[in-house]
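Remarks on the structure that follows.
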Amino acid sequence: SQQGEEDPQALSIQEGENATMNCSYKTSINNLQWYRQNSGRGLVHLILIRSNEREKHSGRLRVTLDTSKKSSSLLITASRAADTASYFCATALGGATNKLIFGTGTLLAVQP
Amino acid sequence: EPEVTQTPSHQVTQMGQEVILRCVPISNHLYFYWYRQILGQKVEFLVSFYNNEISEKSEIFDDQFSVERPDGSNFTLKIRSTKLEDSAMYFCASSSTSGGARTGELFFGEGSRLTVL
């Protein structure tokens, strides 16, 4: 079983619609981060939410964190064709470790 | 805007050959990482480096792998004797915080695609 599992694996929506991606994890965390990856490119940090935070906003992005359910969601509002990419959640585990563990990712396709 | 740069962007090598992938992290960053992503799969942690030594490594990072920060700016990943299954995209990342990912975001390079024939 995976530390970070995301659903759906793939999501196709129309431009202007909202996209919601979910991430579940198994162990305690220091923070949870969301990254975006365009095909064949590097990962770009979107937003970080700490374990004592419940919700965070950045532009059209809204992230929630429920530590009791060990889950997070990423909402992209008013999607654009340029939002087409893979989205990964990544957890910074509790304790002294300083690495990120990436989830399986959601492939988002926004149709113009 | 400062960025992490990686070279080469693509390297093709024969099985058994040594490969060195190079990274220039963002200046003044403190924590450095290598990750890899096999085509179509998730991004996997390889190793983290802090204060001139390995901080953590995964089970993937066996004796065939090594990292160096030879001159205070470059951060290299060496694979001593490549195998077919080493074919992947290798990403370098750096963090500005002394806690690495525990306290802040990671900045990733564009990756080096390694193809082992």
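Of the residues that make up region B:96-104, is at least one of a type in the set (A, V, I, L, M, F, W, C) and at pLDDT 95 or above? Checked region B:96-104: no residue is of a type in the set (A, V, I, L, M, F, W, C) and at pLDDT 95 or above. Looking at this structure, is B:R69 modelled with pLDDT of 95 or more and either basic (K, R) or touching a helix residue (DSSP H, G or I) at 6+ places or on another chain (Cβ under 9 Å) (or both)? For B:R69, the condition - modelled with pLDDT of 95 or more and either basic (K, R) or touching a helix residue (DSSP H, G or I) at 6+ places or on another chain (Cβ under 9 Å) (or both) - is not met. Are any residues in region B:94-117 touching a Cys at 6+ places or on another chain (Cβ under 9 Å), among the hydrophobic types (A, V, I, L, M, F, W, C) and more than 8 Å from every other protein chain (Cβ to nearest Cβ), and if so, which ones? Result: no residue meets the conditions.
A quick yes/no check of all residues on (1) among the polar types (S, T, N, Q); (2) surrounded by fewer than 16 Cβ atoms within 10 Å (Cβ to Cβ); (3) at pLDDT below 95:
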position	(1), (2), (3)
B:Y33	no, no, no
B:F45	no, no, no
B:Y50	no, no, yes
B:K78	no, yes, no
B:T82	yes, no, no
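Go through region B:52-68 and report how many residues are within 16 Å of B:H29 (Cβ to Cβ) and surrounded by 17 or more Cβ atoms within 10 Å (Cβ to Cβ). Going through region B:52-68 one residue at a time, the tally reaches 2.
For region B:76-93, taking the residues that are among the hydroxyl-bearing types (S, T, Y) and under 16 Å from B:S48 (Cα atoms), the one that is nearest to the other protein chains (Cβ to nearest Cβ) is identified as B:Y90.
Test B:F49 against the criterion of being hydrophobic (A, V, I, L, M, F, W, C) and touching a Lys or Arg at 6+ places or on another chain (Cβ under 9 Å), and give yes or no. So B:F49 fits the description; yes. Residues of region B:60-94 that are among the hydroxyl-bearing types (S, T, Y) and farther than 19 Å from A:R41 by Cα: B:S66, B:S73, B:T76, B:S81, B:T82. For region A:87-95, the criterion of being part of a loop (DSSP other than H, G, I, E, B), farther than 30 Å from A:G16 by Cβ and within 12 Å of another protein chain (Cβ to nearest Cβ) is met by at least one residue.
Search region A:97-112 for residues being within 8 Å of chain B (Cβ to nearest Cβ) and hydrophobic (A, V, I, L, M, F, W, C), and hand back the single one that is surrounded by the most Cβ atoms within 10 Å (Cβ to Cβ). Only one residue tops the list, namely A:L100.
The values are calculated or read from the model by the stated rules, or taken from the named source; none is laboratory data. Just so it is clear, the model here is predicted, and its values are computed rather than measured. Here the Cβ is made from the backbone with ideal geometry for all residues, glycine too, and neighbour counts use every protein chain on show.
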